[in-house]
Amino acid sequence: MKCSERFIEYVLFFCAFAAVLAVMAIIFFIFREGLPIMIKEGFSSFVTGTEWSPLSGKYGILSMIAGSIQITLGAIVIGVPIGLASAVYLAEIADKQITRVVRPGIELLAGIPSVVYGFFGLSVLVPFIRNNFSGNGFSVMAGSIILAIMILPTIINISETSIRSVPEEYKSGSLALGASHWQTIYRVILPAAKSGILASVILGMGRAIGETMAVIMVTGNVPKIAKSIFDPVRTLTGNIAIEMGYAAGDHRLALFATGVVLFMIIMLLNSIATIFARKVGDMK
């Protein structure tokens, strides 16, 4: 019996270690390919350079960093209020029949391939922006709207879980003191669940900044810093996906270095989300 239990423990340990090993292998490969060009060009000039011209040997990714940040922030501004309102509705207001209809729809949003979102943006959003605003439609605004829709499942699910995890005594005490249901939600439940809600926002940012296909299809992919939300832009992920197929030499290494910067940004966001998640656990 002890031998069989120890064997199971070894199997489970191997499975857990395999995941860690895969992450370590990815980190090693990306940094091995990307660091040489960053050292050659200089980390500062590589990150702060505004001109991306591989044929001229100029590798500045500031415009792509700015593009990723602009689109991600736009997605957060649009998606967070909708996602948080949906989470509050599902956790505190909706009855079971409505929840049974709405929740599968939210889960379906998470399962739709990103290229389908891209087709929707290309067929609906881009022409709408072109016909009603300035520019040709391929813009920061189009990318932000698409990403806002894509991050809704992350924000809604985590926020709803955090709201439901607030002790029932908080709500009962507020209602007993004469507060209305809405006042209880706004002044008691949401503040108590703020760590989980912030974690959902940060994870949504990670989801948005790492998206590739849908963004490529609606942003125009121009490696310049956008001065307006209706200007075209290129993201870090889009830059890698577009040029990796024909890149060679330093150009190819520069794309790996772009992946290094993207990896560092996402790791930072995940670390912040983990800290907030621990605060939620401490609250419980």
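The values are calculated or read from the model by the stated rules, or taken from the named source; none is laboratory data. Just so it is clear, the structure is predicted and the values come from calculations on it, not from any experiment. A quick note on method: Cβ atoms are made from the backbone with ideal geometry, for glycine too, and the neighbour counts reach across all protein chains shown.
Here the helices (runs of 4 or more DSSP H) wholly within region 41-113 that include at least 2 residues being charged (D, E, K, R) are 96-111.
Checking the structure you have, find out if any residue of region 236-246 is hydroxyl-bearing (Ser, Thr, Tyr), modelled with pLDDT under 90 and either in contact with a helix residue (DSSP H, G or I) (Cβ under 9 Å, 6 or more places away or on another chain) or at negative phi (or both). Among the residues of region 236-246, at least one is hydroxyl-bearing (Ser, Thr, Tyr), modelled with pLDDT under 90 and either in contact with a helix residue (DSSP H, G or I) (Cβ under 9 Å, 6 or more places away or on another chain) or at negative phi (or both), which makes the answer yes. Which is at pLDDT below 90 and among the small types (Gly, Ala, Ser), of GLY42, GLY74? Just one listed residue meets the conditions, GLY42.
The combined condition, being more than 22 Å from SER68 (Cα to Cα) and either aromatic (Phe, Trp, Tyr) or assigned by TED's automatic domain parsing to the domain that holds MET264 (or both), is not fulfilled by VAL126. Residue pairs, Cβ under 6 Å, 6 or more apart or interchain, first in region 170-190 and in the same structural domain as LEU84 (by TED's automatic domain parsing) and closer than 18 Å to ALA85 by Cβ, second of a type outside the set (Asp, Glu) and not in a helix (DSSP H, G or I). List them. Short answer, once both residue conditions are applied: ILE189/VAL166.
Set side by side, the residues ILE163, ILE185, ILE197, ILE189 differ, and just one is closer than 17 Å to ILE275 by Cα and either under 28 Å from the mean Cα position of the chain (by Cα) or polar (S, T, N, Q) (or both), which is ILE197.
Taking region 122-180 on its own, how many of its residues are of a type in the set (Asp, Glu) and crowded, with 23+ Cβ neighbours inside 10 Å?
Looking only at that region, the number is 1.
When LEU90 is tested against the conditions (1) under 30 Å from VAL260 (Cα atoms); (2) in contact with an Asp or Glu (Cβ under 7 Å, 6 or more places away or on another chain), the lone failure is (1). Could you tell me whether PRO232 is at pLDDT 90 or above and more than 20 Å from VAL261 (Cβ to Cβ)? So PRO232 fits the description; yes.
Yes/no per residue for (1) under 12 Å from the mean Cα position of the chain (by Cα); (2) in a helix (DSSP H, G or I); (3) among the hydrophobic types (A, V, I, L, M, F, W, C); (4) buried (at least 23 other Cβ atoms within 10 Å of the Cβ):
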position: MET205; (1), (2), (3), (4): yes, yes, yes, yes
position: ALA208; (1), (2), (3), (4): yes, yes, yes, yes
position: ALA214; (1), (2), (3), (4): no, yes, yes, yes
position: VAL218; (1), (2), (3), (4): no, yes, yes, yes
position: LYS224; (1), (2), (3), (4): no, no, no, no
position: LYS227; (1), (2), (3), (4): no, no, no, no
position: GLY238; (1), (2), (3), (4): no, yes, no, yes
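A single entry from ILE37, ILE69 fulfils the requirement of being surrounded by 13 or more Cβ atoms within 10 Å (Cβ to Cβ), β-branched (Val, Ile, Thr), under 30 Å from GLY249 (Cα atoms) and touching a Leu at 6+ places or on another chain (Cβ under 6 Å): ILE37.
Flag: PRO232 does not match the condition of being more than 20 Å from ILE30 (Cβ to Cβ) and either of a type in the set (A, V, I, L, M, F, W, C) or surrounded by fewer than 20 Cβ atoms within 10 Å (Cβ to Cβ) (or both).
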